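Q: Input: one structure, supplied below.
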Amino acid sequence: MIRRTACRFLIGALLHLAVVCASASVQKIGPDLYAYISENDSSANSTFLVSNNGILVVDTGLNAQEGQKLLNEIRKISAAPVRWIVNTHYHPDHRGGNSVVGPDAVIISTYETRAAVLRSRNDPDVKNKRKAPPEYQLNETFTGSRGLTLFVGEHEVRIYYPGPAHTRGDAIVYFPYEYVVATGDLFLTNSCPAMDDGDMENWIVALDQILALPLDHVVPGHFELATKSELQRFRNYLGDLRDQVARMHHKGIPLDQVQKQLDLHAYKDFRQYPQYEATFKDNAATYYGQLEHPKPQSNMR
Ligand SMILES: [Zn+2]
C-alpha cells in the first residue's frame, strides 16, 4: 500500500505505537487455498496454498511480528514446510515477514522488485550477490509478461508481470483451478490506492486483464476479501480519475484546479489515507505528474 516516501513514517509510527489487534481472518477460498486478511491495515494480506509438497505463500506482512501471526494461522492448517514465497512488490508491508514465514523458502518476485529491495537498502551494486541480504539470496526472479507457472501438488499457480502499475515491478498471482487472484496493491477493497513509481494507464490495462479471467475470489493487497464486482468498481474509479484528469490536463488546467474540480462522488465511500498519500487528490496528482513527465515503458516485457 505504502509509497516509498511514506515507508519511513509508517515504520517509525509502528515502532512507537502499541497496536492492539483483533485476530486476523483466514478464509478458505479453494480446496487447499486460503486468504489471510490482516486485521492490521498497515500490514498486507496474504494468500497461501497448501500441498503435501510444501506451502506457497503470497506476501508475508510488514515485519517479523506480522509474519509470525500469519505463520501461526498457517500452522493451524498444515505442518508442511513453506517452500515458496511470492512477494508481489518491494514495499515492506508485503515482504517484512519473509524470514519468519519461510526462512528456507525460495522467494519469487519480478526482477524489478528484487532490484528495488536492494536499492532501498542503499546497496548501489545490485549485481553484487555477496552484498545481497540473506532473505534475497534465494530469490527467483522472472521478467516478461509470460511470467512463471508453478505446479504445487495438484494445483497450478501462474505468476506474471503486467508491466508498471502500482510500482515498476508488480507481480500478479492467479490460481486457475480455484478462480482466485492475489493482486498485491493493484487492488484495495473500497479504497483509494497509494501510487508509487508505476503507471496509471497500464494499471487500468492490468486490471482489465484480471477482470477477463474467471474469478470467484479476489485477495486484495489490503482490506476485505472481495469479488469481481468490487474489483470492477475499483477499476472504474481509476478509469474515471484517469479520464477527468487527462481531460483537464489537456486543457492546460493546473493541478490544484484539477483537484478541486474532480467529481468522484460515486466513490465517496472509498477509504482515503492522507498519511500514505492515498486520497483522490493524491491519486490525481500522481497521474497528473505522469502526464507531465511520461516515462518510457519498462523494457522487461
Ligand atoms: Zn504497496
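Q: So between Arg119 and Ser25, what do we pick up on full extension, going 0.36 nm a residue minus the alpha carbon distance?
A: Result for the pair: 30.5 nm of gain on full extension.
Q: Further, regarding this structure: Any of Lys28/Lys69; Lys69/Lys228; Lys228/Lys281; Lys28/Lys268 with alpha carbons more than 19 Å apart? Name them for me.
A: Violating the 19 Å Cα-Cα cut-off are Lys69/Lys228; Lys228/Lys281; Lys28/Lys268.
Q: Using Cα centres only, tell me the gap between the stretch 178-225 and the stretch 145-159 in whole Å.
A: Answer, in whole Å: 19.
Q: If you count, for each residue, the other Cβ atoms within 10 Å and average over each peptide, how do 235-244, 175-184 line up from highest to lowest?
A: Details: 235-244: 17.1, 175-184: 22.9.
In decreasing order of mean packing, 235-244, 175-184 become 175-184, 235-244.
Q: Compute the length gained on full extension between Ala246 and Asp41: take 0.36 nm times their separation in residues and subtract their Cα-Cα distance, giving the result in nm to one decimal.
A: Here the segment from Ala246 to Asp41 would lengthen by 70.7 nm.
Q: For the stretch 241-301, what are Rg and Dmax over the alpha carbons, in angstrom?
A: Both quantities, over Cα of the stretch 241-301: 12.9, 37 Å.
Q: Can you work out the accessible area per residue across the stretch 225-301, with the rest of the protein chains kept in place, probe 1.4 Å, in square angstrom?
A: Ligands and nucleic acids excluded, the result is 57 Å² per residue.
Q: Can you pull the percent of Cα pairs in the stretch 68-122 with separation above 13 Å?
A: Everything past 13 Å amounts to 62 percent.
Q: Okay, next question. Compute the convex hull volume of the Cα atoms of the stretch 138-277, divide it by the residue count, and report the result per residue in Å³ as a whole number.
A: 130
Q: Carbon and sulfur together cover what percent of the accessible area of the stretch 21-74 at a 1.4 Å probe radius?
A: On the way: 730 of 1750 Å².
Roughly 42 percent of what the probe reaches on the stretch 21-74 is carbon or sulfur.
The values are calculated or read from the model by the stated rules, or taken from the named source; none is laboratory data. From a predicted model like this one, the values you see are computed outputs, not experimental measurements. Virtual Cβ from ideal backbone geometry, glycine too; neighbours counted across all protein chains shown. What goes into the accessible areas is simple: the full protein's heavy atoms, side chains included, and nothing from ligands, DNA or RNA. Shrake-Rupley method; radii C 1.70, N 1.55, O 1.52, S 1.80 Å.
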